[in-house]
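Trainee: One structure is given below, represented as structure tokens, and several questions about it will come after.
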Amino acid sequence: MGSRIIMYNGGALSLSRRSCRIVSGLEPPAGGGAVRWQVLEQVDRELSTGNERAALNLVKDLQAKPGGLRCFGAARQIPQRLYTLDELRLNGIEAASLLSPVDTTMGSIERIIQAAALLGGIAAWSVFDLSPQQILFTSLGFLFLWTLDAVSFNGGISFLVLDTLAHSFSQKYHNRVVQHEAGHFLIAYLLGILPKGYTLTSLEALKKEGSLNVQAGTAFVDFEFLEEVSKGKVSATTLNKFSCIALAGVVTEYLLFGTAEGGLADINTLDKLLNSLGFTQKKADAQVRWAVLNTVLILRRHEKARAVLADAMSEGRSVGSCVDIIEETINVADL
């Protein structure tokens, strides 16, 4: 299960994993919040046209206002300091299990495909009485296609096939993907970063982006981050936000399933970001441990909101609709 962390791809910050159709429009709220609903519909329209700055301004105009967006950027966070591994364990966190995701589902499917290909080759050889030369040329042809995919599409075709099969035949895999992306979305919103879209399968990401080099996942309104990058300096506040967002997917899987399978790309990209900022290993470890503990505590407080959000995302609800669901679900006193 691929995943995105802070993936800085040529001027876009996103968190990668997979995708789903986005249902436009919002359902009118059952209770109050009519003004919020109308504004979030406008946010969806601005995002659909690529006007991210206008969408973010609309959200900020309603931030912390009665009947508005009380939860945007309102998450309570822990003090930033050096947290030890023992302190993480006291909070029920085993860093090794959380930060070393292994995608067993994709691995199993890949092995099944390899075994099927081998058996198919043996059957073809027996039925069609292929010569050694024909077998050699066929093998070289498949090797060429595999190399072409790896070089030209960064393994995109192979991953597309495996991801599609995994979603089709493994409900466990599909559920992990949905929960993973809900974690990214919720943490980003609560820390004041507006999601601009999400996908839950590689096939939907291909349809939406038109590129095999784009994996599914959650993308964010990131021009403020890019402005800091262009100046050659990322503030501590911004780095803290995106560290937590990057780790939110693996943390969500860890809390729900005891281990994380997706999100290795997120972790690796965060490591590269910290290295590019000149962090020593000790300082990078401190940043990651703080972000892990901070994200765990936020997600534990808002478990219900994450679950309801995951259901909405699995239905393909729009960003504005997902935001409205978060606002309706979370009690301000719990922030």
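Every number here is computed from the coordinates shown, using simple stated rules; none is lab data. From a predicted model like this one, the values you see are computed outputs, not experimental measurements. Here the Cβ is made from the backbone with ideal geometry for all residues, glycine too, and neighbour counts use every protein chain on show.
Trainee: So, in nm, how far is label residue 86 from label residue 61 when the simple model puts each one 7 Å beyond its Cα toward the Cβ?
Mentor: 5.3 nm
Trainee: Next up: Using a 10 Å cut-off on Cβ atoms, rank the peptides 84-96, 263-275 from the highest mean neighbour count down.
Mentor: Details: 84-96: 12.8, 263-275: 20.4.
Sorting 84-96, 263-275 by mean packing, highest first, produces 263-275, 84-96.
Trainee: Right, here's the next one. Say the dipole of the stretch 236-291 comes from +1 at the beta carbon of Lys and Arg and -1 at that of Asp and Glu; which of 244, 270, 280 then lies farthest toward its positive end?
Mentor: Final value for the positive-end residue is 280.
Trainee: When Lys and Arg each count +1 and Asp and Glu each count -1, what net charge do the other residues less than 12 Å away from residue 308, Cβ to Cβ, add up to?
Mentor: -3
Trainee: Moving on. Which distance in Å, rounded to a whole number, links the C-alpha centroids of the stretch 34-50 and the stretch 243-284?
Mentor: 31 Å
Trainee: Please find the FRET efficiency linking residue 234 to residue 164, where r is the Cβ-Cβ separation and R0 is fixed at 41 Å, and quote it to the nearest 0.05.
Mentor: Values: r = 36 Å, r/R0 = 0.88.
Rounded to the nearest 0.05, the efficiency is 0.70.
Trainee: Lys and Arg at +1, Asp and Glu at -1: add these up for the other residues within a Cβ distance under 15 Å of residue 235 and post the number. Numbers along the way, then the final one.
Mentor: Details: positive: 231, 233, 241; negative: 222, 224, 227, 228.
Summing Lys/Arg as +1 and Asp/Glu as -1 gives -1.
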